[in-house]
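Below you'll find the structure, written out as C-alpha cells, and then a few comments.
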Amino acid sequence: MPINVPLHRRLYRADQVREFDRVAIEHYELPGLLLMKRAASAMLALAQQHWPAAQKFIVFCGGGNNGGDGYLFALLAAEQKLQVTVIYTREPNELKGDASKAWQLARQHSVKRVSAADQALVNAALDSADLIVDCLLGTGLSQTVRPQEQRIIGLINDSCLPVLAADIPSGLGSDTGAIMGAAVCASVTVTFVAAKIGLCTASGPACCGQLYLSRLGIPDPVYNNASTGSLQPPLPYPESPVDILYLPALSEHIPRRRSDAHKGKHGHTLIIGGDLGMGGAVILAARAALHCGSGLVSIATRAEHVSALLAQQAELMVHAVSGGAECTPLLENCTAIVIGPGLGQSSWSRDVLHTVLRQNSSSSGQPPAPLLLDADALNLIAAHGWQPLLQNRPVIATPHPGEAARLLVANTATVQADRCRSVKNLQEMLGGVVLLKGAGTLLCSEHAEISLCPYGNAGMSVGGMGDVLSGVIGALCAQGLALNSAVQLGACLHSAAADLAAEELGGMIGLCASELVLPLRTLLNAEQIPPSVAVDKIKEIVA
C-alpha cells in the first residue's frame, strides 16, 4: 500500500530495511557503492553543519558496510583538506563486497589508517581529535558486542568528544533499542534508507542524540511495496512498520464544544483507587480528567481521603466506598472507568477491582463503558489470573515495564529487550489497546498495529506521571473517542505537556506530575500546536 505518512515518521526492523536496500540495488539500478557514497556525503554534511569548526576527525571502521561508509566518509573529508584518521578493526583482506571497494578508494587517496589494536596510536589520535565518527557496528548486530569492540566503545564514550554515528550507534539493537553489552552514546545519528525501531525506544533515544534520516535517493515504490517493472510479485515485507505519532495530526480528534454544550454532553469519568496512604494518585488522575474536558468526574476511594480530595478540587464528586458493592451504582452512571491509581493490593483493593471486572454491562443494556487499567489493577490481574474477565469489553491497559513483566510472567529485562514483542504479547493477552510506558512509549491497537509516542523527557521519571496519563486517556474515552484514538492522542498530549512544562518552568529536574495540568489544557485549546512540540523527532535530509 502507498505510504500514508511521511517516511521519517515510520520505523522498520532491520530485515525490512535490508530488503529495501536489496530491491533498490537489484531493481532500480542503484549500485551499493553509490548508496554508500551518498551515505558518506550525508554524514560529512551533518558533521560540518553541527561542528563547523572541527578540523580533525577520527573514524572508527568495522568490517561490514558500516565500515565502508566510514572509509568513504574519510575519503570525502580528506578531499576537503580535513585531517582524518581511520581506526580499523578488520584488515583489508577481511573486507568484502562494497566495503572492500570503499577501502580501496580510501587507500588510493592515502587516507591515514591506524589499527585499533595499537593502543598508543589510538590514544594519541583521540587526544588531538575534534570529532569521532562511529562506523564500527551496524544494524546486523544480533549478539553481545565482542570484548574488542566493547573496549573501543568505552574509549569513544570516555573521550568526551562529540560523536556522529552512522546508521545506528554501535552496540544498539536496531530492532529493540536494547544495549548489546555496550553502546556508543552519540551526539548525532544519521540513519540510512529508513529509520529503525531501536533508534526511538528503550535505550535508543539516550544513545542517538539528534536523529536524522537520509533515504539515499531510494524511490517511493521501494517503500510502497509496489509491483513495478520486473519486480514481481510485490515485496513480502513481514510486518507493518511502527508509525511515529504526530500530535498536530492527532489534534483533529480533540473533542470540540458546541455553543449549546452542557456538562452531560462531555462524558462522566469515574476514577477508582486511593487505598490508605495513596490518595494523591486519584486526585492527580481526576484533575487531569477535569482539565482534559470530562464534563463530570467522580472518585471512588477510601473514606479517609474524601475531605482532603474535596479540599484539593471542589468540582469533583468524591464517594467513600468500603468495598466493591458500593461501587456498583457508580459504575452505572459513567461513560469511562479508570481503575488503578493508588489502588493498592489490599483486600479492599481486590474486592473493588473484582466488582468492576465482573460488571461487563450496565443494567440499562448499553454497551460497557471503556475501562482503563493501570498500576495495581494490572498487578492484581496478574496475581489472580483475572485476564478472562476482560473479554468482550473495551479495555485499555497502561503498564510500565515492571507491571508488563508480571502480566507476561517474565522479568523487566526481558520486556525491555524487545518492547515491540512485549506490547504485542500484552495486547494478545488482554485485548483492547495496550500502552507500554517508558522511553519511546509503544502503543498496540486492537488490530495489533504498533505506534510510538515520540514526546516526553527524563523529567517524567517521577511518581504520579502515570496517574495523570490515566486521567487524560479516561477523559478522552468518556467524551466518546474510540479506544485507539483516545490512547494515541492521550499519550501524545501527556508527553507533550511534560515537554512544555519543562520548557516553561525551568527544566526537567524537579518536574512534578501536577505541573502537567495547565499545559494539557493549553494544548487542548490551542489553535495551533506550539512549534517546540510540533517539530519532527527525526529530520529527513537529502543525500
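So which of LYS37/LYS539; LYS56/LYS437; LYS96/LYS437; LYS81/LYS101; LYS101/LYS424 end up more than 31 Å apart, counting from Cα to Cα? Mind showing how you got there, number by number?
Working: LYS37/LYS539 20 Å; LYS56/LYS437 41 Å; LYS96/LYS437 42 Å; LYS81/LYS101 22 Å; LYS101/LYS424 42 Å.
Table pairs above 31 Å Cα-Cα are LYS56/LYS437; LYS96/LYS437; LYS101/LYS424.
If I stretch the segment between VAL114 and GLU29 completely, what's the gain in nm (0.36 nm per residue apart, minus their alpha carbon distance), one decimal? Walk me through the numbers before you get to the answer.
On the way: separation 85, 0.36 × 85 = 30.60 nm, distance 3.49 nm.
Full extension of this stretch gives 27.1 nm more.
Can you compute the helix-only [θ] at 222 nm over the chain? Use -39500 (n - 2.57) per DSSP H run of at least 4 residues, normalise by all residues, nearest 500 deg cm²/dmol.
Details: 21 runs with 217 residues, N = 543.
Taking each H run of at least 4 residues, the total per residue is -12000 deg cm²/dmol.
If Lys and Arg each add +1 and Asp and Glu each add -1, what is the summed charge of the other residues whose beta carbon sits under 15 Å from the beta carbon of GLY280?
On the way: positive: ARG287, ARG302; negative: ASP275, GLU304, ASP374, ASP376, ASP467, GLU515.
Taking every Cβ under 15 Å from that of GLY280, the sum is -4.
Based on the Cβ-Cβ distance from GLN528 to THR144, what FRET efficiency comes out when R0 is 41 Å, to the nearest 0.05?
The computed FRET efficiency comes out at 0.30.
So what does HIS27 come to for accessible area, using a 1.4 Å probe and Å² rounded to 10?
60 Å²
Please give me the summed charge of the neighbours of THR139: other residues whose Cβ is under 14 Å from its Cβ, Lys and Arg +1, Asp and Glu -1.
Combined, the nearby Lys, Arg, Asp and Glu give -3.
So for each of 377-390, 158-171 I average, over its residues, the number of other beta carbons within 10 Å; can you give me the resulting order with the highest mean first? List each step's numbers first, then the result.
Details: 377-390: 17.8, 158-171: 22.8.
Listed from highest to lowest mean packing, they are 158-171, 377-390.
What does the charge count near LEU372 come to, summing +1 for each Lys or Arg and -1 for each Asp or Glu among other residues with Cβ under 12 Å from its Cβ? Before the final figure, lay out the partial values.
Values: positive: ARG393; negative: ASP374, ASP467.
Summing Lys/Arg as +1 and Asp/Glu as -1 gives -1.
Sequence neighbours fewer than 8 away in the same chain don't count; with that in mind, list the aspartates and glutamates whose C-alpha is under 14 Å from LYS196.
Once the sequence-local aspartates and glutamates are set aside, what remains near LYS196 is ASP15, GLU19, ASP21, ASP167, ASP175, GLU239, ASP243, ASP418, GLU540.
From the residues GLY438, ALA178, THR85, which one has its Cα farthest along the dipole of the chain in the positive direction, the dipole being from +1 and -1 charges on Cβ of Lys/Arg and Asp/Glu about the Cα centre?
THR85
If r is the Cβ-Cβ distance from GLN366 to GLU504 and R0 is 45 Å, what FRET efficiency results, to the nearest 0.05? List each step's numbers first, then the result.
Values: r = 42 Å, r/R0 = 0.92.
The value I calculate is 0.60.
Run the numbers for THR414 and ASP536: contour at 0.36 nm per residue of separation, minus the present Cα-Cα distance, in nm.
40.9 nm
With every protein chain kept in the model, how would you rank THR355, THR328 by accessible area, 1.4 Å probe, largest at the top?
THR328, THR355
How large is log10 of I(q)/I(0) for the chain at q = 0.05 Å⁻¹ when the intensity is taken from the Debye formula with one equal scatterer per alpha-carbon?
-0.24
Using the heavy atoms of the protein chains alone and a 1.4 angstrom probe, what is the accessible area of the stretch 86-134 per residue in square angstrom?
Ligands and nucleic acids excluded, the figure is 51 Å² per residue.
Amide H to amide H under 5 Å from ASP275: which residues, 5+ apart in sequence or cross-chain, H placed 1.01 Å off N in plane?
LEU343, GLY344
Taking the Cα centre of the chain as the origin and placing charges on Cβ (Lys, Arg +1; Asp, Glu -1), which of LEU483, LEU72, THR139 is farthest toward the positive end of the dipole?
Result: LEU72.
For HIS262 and SER461, calculate 0.36 nm times their separation in residues minus their Cα-Cα distance, and state this gained length in nm to one decimal. Could you put the intermediate results ahead of the total?
Values: separation 199, 0.36 × 199 = 71.64 nm, distance 3.67 nm.
Here the answer is 68.0 nm.
Amide H neighbours of VAL114 under 5 Å, counting only residues 5+ apart in sequence or on other chains, H built in-plane at 1.01 Å?
VAL86, ILE87, TYR88
Could you please put GLU332, GLU252 in sequence from largest to smallest accessible area, using a 1.4 Å probe?
GLU252, GLU332
The values are calculated or read from the model by the stated rules, or taken from the named source; none is laboratory data. Only a predicted model underlies this, so the values are computations on that prediction, with no experimental measurement involved. Glycine also receives a Cβ, built like all others from the backbone with ideal geometry; neighbour counts cover every protein chain displayed. Remember, those area values only see protein heavy atoms, side chains included, never the ligands or the DNA or RNA. Shrake-Rupley method; radii C 1.70, N 1.55, O 1.52, S 1.80 Å.
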